[in-house]
1. Give the calculated FRET efficiency between residue 63 and residue 99 to the nearest 0.05, with a Förster radius of 22 Å applied to their Cβ-Cβ distance.
2. Once the Cα atoms of helix 40-55 and of the chain are each reduced to a long axis, what angle between those two axes, in degrees from 0 to 90 to the nearest 10, is obtained?
3. Looking only at Cα atoms, what is the convex hull volume of the stretch 1-70 per residue, in Å³?
4. How high is the FRET efficiency from residue 42 to residue 11, r the C-beta distance, R0 30 Å, rounded to 0.05?
5. Run through all the Cα pairs of the chain and give the fraction in each 10 Å bin from 0, expressed as whole percent.
6. Compute the helix-to-body angle for 118-133: its Cα long axis versus the longest principal axis of the chain, expressed 0 to 90° and rounded to tens.
7. What ranking do 68-75, 81-88 get when scored by the average of other Cβ atoms within 10 Å per residue, highest first?
8. Tilt of helix 62-76 relative to the longest C-alpha principal axis of the chain, in degrees (0 to 90, nearest 10)?
């Protein structure tokens, strides 16, 4: 079947099919859409921050993640405050970083809650944070 005929049958532009047939474009590595505003290592910094805060017991909501990422992009000079990220950005971010999960908050069972010392955990996390940033 010719490229022209296949393009009409499957309603795909003939230049797209021709590029694939002539191997000008590798179908395995073809990326569609806009590239992310933040570089990979900048997004990795955000992921690390979100994971650290979750380990400390403070998980962010989706909207808080969007707000933090927007402020980070403004700080880097890649965005302005009048054009913050949206929930659409968050969906793409979660696709790029599948190790992040959106979980609904669950309450601790009563026995675990009584055994957990909030003050001890807080000061351990504070000491760890201060030692890494000094």
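1. Details: r = 21 Å, r/R0 = 0.93.
After rounding, the FRET efficiency stands at 0.60.
2. Around 30 degrees separate the two axes.
3. So the per-residue Cα hull volume is 151 Å³.
4. That pair, residue 42 with residue 11, gives E of 0.20.
5. 9, 26, 23, 19, 12, 6, 4, 0
6. The two axes meet at around 60 degrees.
7. Values: 68-75: 16.9, 81-88: 11.6.
Result, highest mean first: 68-75, 81-88.
8. Once rounded, the angle reads 80 degrees.
Computed from the coordinates by the stated procedures, all read-outs in this text should not be read as laboratory data. Only a predicted model underlies this, so the values are computations on that prediction, with no experimental measurement involved. When we count neighbours, we look across all protein chains shown, and the Cβ atoms used for this are built from the backbone with ideal geometry, even at glycine.
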